[in-house]
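Here the structure comes first, spelled out in structure tokens, and everything after it is commentary.
The values are calculated or read from the model by the stated rules, or taken from the named source; none is laboratory data. Every value quoted in this text rests on a predicted model; they were computed, and no experiment measured them. With ideal geometry, Cβ positions are generated from the backbone for all residues, glycine too; neighbour counts draw on all protein chains shown. Remember, those area values only see protein heavy atoms, side chains included, never the ligands or the DNA or RNA. Shrake-Rupley method; radii C 1.70, N 1.55, O 1.52, S 1.80 Å.
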Amino acid sequence: MNTKWRKLNNPPVVAAVFQIKYEKGSIKLDDFLKYDQIIRKSLKLRTDTLQSTLTVPKSTTLGVGKVDVKGIQETRNTGFTYFSSNQKKKLTITEEDITFVSEEEYNGWDAFKADFLRYIETFTPSLESVTIQRTSIRFVNQFTLSSFDDPSEYFNTVISSNTEDSIPYPLIKYGYSLTLDVAEGVYSIINHNVNNVTDKFVCIFDIDVLDKNNLIFDLPSINEVLERLRTIKNKIFFNNITDKTLSLCD
């Protein structure tokens with residue numbers, strides 16, 4: 001049974017990311033171009049990433065300044081990125097991963113997951129025999145705080161001092177990074193940063209949850225992993241913010 005999570009009226013999510021990673025070379029990049037017109041129905045813009053190499057004879061001498069060099073240049077496509085018209089949705093396909101990023105207003109997990117799975121389902125004919133080496137989600141949350149004199153007022157996991165007046169100067173930046181060993185092959189990376197911006201503090205609570213257990217590509221299996229990662233992400237989120245911070249999301 002799925003856990004019933006508290007629904008937030010004003011979710012603090014400013015960026016949400018899904019990614020699947022596979023062995024480089026297990027699928028030809030050009031195979032994805034078969035689906036170009038389908039993807040462009042919703043993500044109309046595309047840019048290609050090109051990589052160039054220049055091979056010159058061993059006898060070539062390079063010096064400072066302008067040098068006339070003769071050689072063989074090879075340019076190849078190493079990936080492409082599709083964008084929505086407002087550039088707030090992005091689907092990047094490379095030789096070893098597919099990444100979906102949304103910076104649009106967050107309308108809940110179900111809508112976000114459905115968006116990603118819709119693109120992945122399009123690629124099924126090319127991915128169905130591919131081994132997925134890592135599946136991950138990442139949620140970047142942002143809170144705006146009026147003060148940050150006491151971090152424990154807002155967060156349950158903090159860096160603190162054992163004496164009240166150990167640092168006698170105003171705080172302008174605060175941050176730390178955690179890596180959590182969640183389960184066999186599953187871990188989470190948390191980055192927490194606070195910056196003083198004029199008369200307020202902007203806090204970034206960045207949660208990345210990754211499963212590096214191999215699985216043969218299959219939509220139900222991908223969906224199952226995503227639901228597990230979401231549960232982990234939500235436990236980290238709700239267990240690490242106080243009621244005072246949660247009230248900012250109502």
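Brief remarks on what is shown
- Against the criterion of being modelled with pLDDT under 95, in a strand (DSSP E or B), open to solvent by 50 Å² or more (accessible area, probe 1.4 Å) and under 26 Å from L210 (Cβ atoms), T75 does not qualify.
- Wholly within region 82-154, strands (runs of 3 or more DSSP E) carrying at least 3 residues that are open to solvent by less than 30 Å² (accessible area, probe 1.4 Å) and of a type in the set (A, V, I, L, M): 131-145
- In the condition set (1) over 27 Å from D115 (Cα atoms); (2) among the basic types (K, R); (3) open to solvent by less than 60 Å² (accessible area, probe 1.4 Å), K173 is compliant with all but (3).
For every residue, the table says whether it meets (1) open to solvent by less than 50 Å² (accessible area, probe 1.4 Å); (2) under 18 Å from the mean Cα position of the chain (by Cα).
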position	(1), (2)
L210	yes, yes
F217	yes, no
I222	yes, yes
S247	no, no
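- Residue that is more than 30 Å from I93 (Cβ to Cβ) and of a type outside the set (S, T, N, Q), where the choices are D115, D181, D110: D181
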